[in-house]
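Undergrad: Following this message is one structure expressed as structure tokens.
The values are calculated or read from the model by the stated rules, or taken from the named source; none is laboratory data. Just so you know, these numbers come straight off a predicted model, no measurement behind them. FYI the Cβ positions are ideal-geometry reconstructions off the backbone, even for glycines, and counts take in every protein chain you see.
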């Protein structure tokens, strides 16, 4: 087995100098956590966070649109911190800080020194995709940690030849799939990459079999859940391609890689990919580069969203940082490079992390003339979707509560609140509690499986939608209110009508199958 590449320390001093600077990586990691927590409450709940909180109140081994781990994380955060946004976002902030540390560790294992670890940490901490990932409690906050952890374990396995590490790989892959299914794609591509290198002999081991069995056992309850419910994830993915996701173009997929990782950091990860694929000193780790190329091609073939590939980049940043460290000599040139990366990275921070007030951000975005890539077909307003989806939820809950309170007590007791999507429903479930609202119902994704409830409603308070569609099920339909204009929400959430539906034309149990909406 080829010897791993030597570790390269800072050239302007002995190893003691590198030890003296060992505080750099912990400082970057802690600073990343602090940055996220500082601005965690700047806007409001993200649409998906409200949905995951709702899932967390109904724990299961699976959901229509995700595995179970994010619901468990949301349950934990809600239990510990209640409605605190800073508390809710503590876990993703810690994950971001942990990934900075893990990327730095991987940088050293791939031959980089302290300066390289600092470069990789800065690039990760300021890359737009990872900035937003660390800001919100979603699967994307933890996915890069699982992927990079898997790559780090593979590097350690190759470096030491310790085949028992396959057990750790299997455990990490299994838990990673329970966070997001794409972990499976990454693991398979990494395994294929290993098969294409001389290090494939490490796969001839009973420990690999045991690690694979461990991964299967961890994922099995979720697979059985999907099987029991007719594989709803496949229906969801098909509908997303047909009706929701923006049409795939190769050009937008490629440009998305630059924007998600920051254009200024492209030379860093490209150098890392080149090192892993072609450098003699990177021969031992070639499986990482080959695995990335295989995943890149797979996602193009599947017409995936550009950001799906982002969790694979920390390993490239780690490798590329070592290349740049060896190419740039001297304290002043290195300081200049790091300053450029910091300044250039900071310039795009407001696009992914809400460090600016809303109106200031809008003006700043217009000045830059740069917008995040669109991943869905919805019309956009003043804010990009990831920011617009953090506005309007408290106002929605308050408006629904006002209509609800106007109903006579006998009608309130048998009122169903029906939402068009899981964001609206999640806002009613989580933020409507303070107003005494009953649980929301919806046909969107897993809300459909939670059903219409046990009692037949006397009144259905409908959020949004089209009056003509509602009239097909309602004998009496009344426009009870309309939300005021909010320029910051997504346009399809602006000025929502609130309807009161009385005298259903059929029992709700008969109507319910028709509201199913997996997308």
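Undergrad: Just to be sure before I move on: is residue 304 closer than 29 Å to residue 345 by Cα, modelled with pLDDT under 95 and either surrounded by fewer than 14 Cβ atoms within 10 Å (Cβ to Cβ) or assigned by TED's automatic domain parsing to the domain that holds residue 348 (or both) in the structure I sent? Full working, then the answer.
TA: Numbers: closer than 29 Å to residue 345 by Cα: yes; modelled with pLDDT under 95: yes; either surrounded by fewer than 14 Cβ atoms within 10 Å (Cβ to Cβ) or assigned by TED's automatic domain parsing to the domain that holds residue 348 (or both): yes.
The answer is yes for residue 304.
Undergrad: Considering (1) crowded, with 16+ Cβ neighbours inside 10 Å; (2) free of Cβ contacts under 8 Å to residues at least 24 places away in the same chain; (3) within 17 Å of residue 255 (Cβ to Cβ), say which one residue 352 fails and leave the rest.
TA: Here residue 352 meets the rest and fails (2).
Undergrad: From the list 40, 60, pick out the single residue that is farther than 24 Å from residue 221 by Cα and not in a helix (DSSP H, G or I). Let's see the steps before the verdict.
TA: Working: 60 fails: farther than 24 Å from residue 221 by Cα.
Exactly one of 40, 60 is farther than 24 Å from residue 221 by Cα and not in a helix (DSSP H, G or I), namely 40.
Undergrad: Further question: Of these, 250, 276, 290, 270, which one is surrounded by fewer than 17 Cβ atoms within 10 Å (Cβ to Cβ), in the same structural domain as residue 124 (by TED's automatic domain parsing), in contact (Cβ under 8 Å) with a residue 12 or more places away in the chain and within 23 Å of residue 99 (Cβ to Cβ)? Walk me through how you get there before you give the answer.
TA: On the way: 250 fails: within 23 Å of residue 99 (Cβ to Cβ); 276 fails: surrounded by fewer than 17 Cβ atoms within 10 Å (Cβ to Cβ); 290 fails: surrounded by fewer than 17 Cβ atoms within 10 Å (Cβ to Cβ).
Unique residue meeting the criteria: 270.
Undergrad: Just checking, does region 150-164 include any residue being in the same structural domain as residue 77 (by TED's automatic domain parsing), in contact with a helix residue (DSSP H, G or I) (Cβ under 6 Å, 6 or more places away or on another chain) and outside any helix (DSSP H, G or I)?
TA: Within region 150-164, one or more residues are in the same structural domain as residue 77 (by TED's automatic domain parsing), in contact with a helix residue (DSSP H, G or I) (Cβ under 6 Å, 6 or more places away or on another chain) and outside any helix (DSSP H, G or I).
Undergrad: Further question: Of everything in region 46-57, what is within 23 Å of residue 35 (Cβ to Cβ) and in a loop (DSSP other than H, G, I, E, B)? Give them in sequence order.
TA: Answer for region 46-57, where residues must be within 23 Å of residue 35 (Cβ to Cβ) and in a loop (DSSP other than H, G, I, E, B): just 46.
Undergrad: Related question: Applying the selection to region 480-494, what residues are free of Cβ contacts under 8 Å to residues at least 40 places away in the same chain and touching a strand residue (DSSP E or B) at 6+ places or on another chain (Cβ under 6 Å)?
TA: Scanning region 480-494 gives a single hit, 482.
Undergrad: While we're looking at this one, here's another question. Which number in (1) out of contact with any helix residue (DSSP H, G or I) (no Cβ under 9 Å at 6 or more places or on another chain); (2) in a helix (DSSP H, G or I); (3) closer than 30 Å to residue 56 by Cβ marks the one condition that residue 230 misses?
TA: Of the numbered conditions (1) out of contact with any helix residue (DSSP H, G or I) (no Cβ under 9 Å at 6 or more places or on another chain); (2) in a helix (DSSP H, G or I); (3) closer than 30 Å to residue 56 by Cβ, the odd one out for residue 230 is (2).
Undergrad: Among the helices (runs of 4 or more DSSP H) lying completely within region 340-434, list those that include at least 3 residues that are closer than 22 Å to residue 478 by Cα. Break it down stepwise before answering.
TA: Details: elements: 358-368, 385-388, 393-406, 409-412, 422-431.
The helices (runs of 4 or more DSSP H) meeting that bar are 393-406, 409-412, 422-431.
Undergrad: With a cut-off of at least 2 residues that are in contact (Cβ under 8 Å) with a residue 24 or more places away in the chain and either surrounded by 24 or more Cβ atoms within 10 Å (Cβ to Cβ) or in contact with a strand residue (DSSP E or B) (Cβ under 7 Å, 6 or more places away or on another chain) (or both), name the helices (runs of 4 or more DSSP H) lying wholly within region 63-135.
TA: 69-81, 90-109, 114-126, 128-133
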